[in-house]
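For reference, the structure is listed below as structure tokens.
A short reminder: the numbers here are calculations on the coordinates, not readings from a lab. What you see is a predicted model; the values in this text were computed from it and never measured. All Cβ positions, even for glycine, are placed from backbone atoms using ideal geometry, and neighbour counts span all protein chains on display.
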Amino acid sequence: MTAQTQTHQSTLIAPGAGVAAPQGRPVPAEFVLGVATAAYQIEGARHEDGRSDSIWDTFSHTPGAVVDGDTGDVACEHYHRYAADVGLMKSLGIQSYRFSTSWGRICPDGGPVNAKGLDFYERLVDSLIDAGIAPWLTLYHWDLPQALEDRGGWTSRETVDRFVEYAGAVHDRLGDRVSTWTTLNEPFCAAFLGYTAGMHAPGRTSPADGLAAAHHLMLAHGRAVQELRARDSALELGLTLNFTVADPLDPSDLRDVDAARRVDAQMNRVFLDPIFRGAYPADLLEDVRHLGLEDRIMDGDLEVISTPIDVLGVNYYNGEAIGHTRPASALADNLNGGRLTRSPFPAADESFRHPRGLPVTAMDWEIQPEGLTRLLVRLHEDYTGPAGVTLHVTENGAAFDDVADEDGFVEDGDRTAYVRAHIGAILDAVDAGVPVRGYFYWSLLDNFEWAWGYAKRFGIVRVDYDTQVRTPKASALDLARTIATRHLLPPVAPVPLVGTSGTDTLTEPVGDTQA
Ligand code: FCB
């Protein structure tokens, strides 16, 4: 812990240690509790030590793309403050740290290796290991080198080859100390928010491009798994997908059932089926027949994409009720900071998200922990169980409108309740026989929340962006208590909430009301 890091140290100590038995629900001893971040969202150091621009540098510097014109140029200065950040995690008892490597730092412009870029991740990994924190490395969290985008980006098959070279370069340096490797974070967002919705970098708005990008991202995943597996058969390999739980608004109305089916197909099954079954779902192929996906699929691609993996990372924030009619009041997508864009779904123009009166976070995302239990059970039964693949929840978290006191401390009972409820939902799935091995809170730090810039705070640690001082919030202290006692307390009721879905009428551009 550095002088720049303020903590309410006394509350970090497990209450009643040695005095009374811990209260709450036991957390299995082997269940890992960690935190997650991503390179572009925290590192800053845009052009230091040879790093080249990614599509997010270009996008964030495009007027109107990100709220308040925020960029990741400085972010949390983690590139320089990583040692203190690791010390902070250690003080909280964090067991594993999920981070991503920056492609353009390691292979500037997608080309030859830059040793200085690898030096940074070597320092980071070594300090994690020294602190007793298991590193979990993600190779791609959306920061494609801009030079590769200029040659077609993920709509080009050439990008797949460059990704495999980059994966090998990272493994050359870190393969002897990192045992868990995930290829991609959320290809749904990379492909469909980036190439179809225009909400994320590179900001394209083409359904056909989104599908091409999705296919090539999965191909890059499969090729990288083959490359890493060939180098070391003992590695734990996989990828992280983000899921929704798409419930028909009225299960007895076949039009709502079909609207929900399309969302499930175009967000969940478009990735799950190729990866676990070696085939795109028939209904999806039918729905997108006019968009050229099948022209992109070459002989052998699906065999590569379905290369066996060991672990599936599950990112879950909320599910949704889907109807075939436009709702009277809408939940904002809040992925684009209000910019008018199109739906991320290439072929679900008649699918609309309806508010259910559930509490919501500052992103207007409904709080629905039971959806996570259902999701994990479904994944295990339909996909991962038959494949012998284990699950980790690699992201789950909430932005709230934090209020800091004069010491920078945030009493975030809302976030604490959110975390407890979702860990509890995972333990329900574990009790039902689903092999979920861990939970990573998103995020360790307040950070650059993509198109929302610094306007939305997800951290369990507050970052003062003027001074870069880090201050653990009450939710960080509560997670530390859970880890120290291996017992989960129930969500505090009533949960202080910023709003309730369905009570606000928000601006309703098409992209905001469509699911
Ligand atoms: C996920 C992203 C992560 C963060 C959270 C809130 O989709 O993987 O980087 O933005 O949402």
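Of all DSSP beta bridges located in the chain, what percent are antiparallel, nearest 5?
Values: 14 of 53 bridges.
The answer is about 25 percent antiparallel.
Taking 2.2 N^0.38 Å as the expected size of a compact globular protein, what ratio does the Cα radius of gyration of the chain give against it, to two decimals? Kindly include the intermediate steps, with their values, before the conclusion.
Values: Rg = 21.4 Å, N = 515, 2.2 N^0.38 = 23.6 Å.
Compared with the compact-globule rule of thumb, the chain sits at 0.91.
Counting DSSP beta bridges with both partners in the range 325-479, what percentage is antiparallel, nearest 5? Before the final figure, lay out the partial values.
Values: 5 of 8 bridges.
Approximately 60 percent, going by the DSSP bridge assignments.
Identify all aspartates and glutamates with a Cα-Cα distance to Lys90 below 17 Å; exclude those on the same chain that are fewer than 8 residues away in sequence.
By straight Cα distance, Lys90 reaches Asp126, Asp130, Asp478.
Under 23 Å from the Cα of Lys456, which lysines turn up, not counting those fewer than eight places away in the same chain?
Result set, ordered by chain and number: Lys473.
Calculate, in nm to one decimal, what Glu30 and Ala404 gain on full extension: separation in residues at 0.36 nm each, minus their alpha carbon distance. Don't jump to the answer; show the numbers that get you there.
Values: separation 374, 0.36 × 374 = 134.64 nm, distance 3.45 nm.
Here the segment from Glu30 to Ala404 would lengthen by 131.2 nm.
Across 5 Å bins from the origin, how do the percents of Cα pairs in the range 49-146 run, short distances first?
That works out to 3, 13, 19, 22, 18, 14, 9, 3, 0, in percent per bin.
Please state the relative contact order of the range 159-204 as a whole percent: Cα pairs under 8 Å, 6+ residues apart? Provide the component values of the computation, followed by the final result.
Details: 21 pairs, mean separation 8.0, N = 46.
Computed over the range 159-204, the figure is 17 percent.
If contacts are Cα pairs under 8 angstrom and at least 6 residues apart, what is the relative contact order of the range 251-323 in percent?
Relative contact order here is 40 percent.
When the Karplus curve 6.51 cos²θ - 1.76 cosθ + 1.60 is applied with θ = phi - 60°, which whole-Hz ³J(HN,Hα) does each residue of the range 186-203 get, with x for Gly and Pro?
Whole-Hz 3J(HN,Hα) from phi for the range 186-203: 6, x, 4, 5, 4, 7, 8, 6, x, 10, 10, 7, x, 7, 10, 4, x, x.
What are the membrane-span-like helices in the chain by this rule: whole DSSP H runs, Cα extent along the axis at least 30 Å, mean Kyte-Doolittle hydropathy at least -0.5? Provide the component values of the computation, followed by the final result.
On the way: long enough: 207-231 (36 Å, -0.08).
Span-like helices here: 207-231.
In whole percent, what relative contact order does the chain give with Cα contacts below 8 Å and a gap of six or more residues? It would help to have the intermediate numbers written out before the result.
Details: 1150 pairs, mean separation 99.9, N = 515.
Contact order relative to length: 19 percent.
Given a Förster radius of 35 Å and the C-beta distance between Glu236 and His487 as r, what FRET efficiency does 1/(1 + (r/R0)^6) yield to the nearest 0.05?
0.80
With a cap of 13 neighbouring Cβ atoms within 10 Å, and only residues DSSP puts in a loop, list the GluC sites (Glu not before Pro) found in the range 367-463. Working shown, then result.
Working: sites: Glu370, Glu381, Glu395, Glu406, Glu411, Glu449; in loops: Glu406, Glu411, Glu449.
Those that pass, being in a loop and sparsely packed, are Glu406.
Taking the beta-carbon count within 10 Å as an exposure proxy, list Arg223, Arg326 from fewest neighbours to most. Walk me through the intermediate numbers first.
Working: Arg223 20, Arg326 14.
Least crowded to most crowded, the residues run Arg326, Arg223.
Helix-only mean residue ellipticity at 222 nm, the chain, DSSP H runs n ≥ 4 weighted -39,500 (n - 2.57), per residue, nearest 500. What is it? Mind showing how you got there, number by number?
Values: 17 runs with 170 residues, N = 515.
Using -39500 (n - 2.57) per qualifying helix, the result is -9500 deg cm²/dmol.
By count of other Cβ within 10 Å, fewest leading, how are Cys189, Cys107 ordered? Walk me through the intermediate numbers first.
Values: Cys189 20, Cys107 24.
The most exposed by this proxy come first: Cys189, Cys107.
Taking other Cβ within 10 Å of each residue's Cβ, how do Ser343, Ser233 sort, fewest first?
Numbers: Ser343 24, Ser233 8.
The fewest-first ordering by Cβ neighbours comes to Ser233, Ser343.
At 7 Å along the Cα-to-beta-carbon direction for both Asp161 and Asp310, put a label point, then send me their distance in nm to one decimal.
Output for this residue pair reads 3.0 nm.
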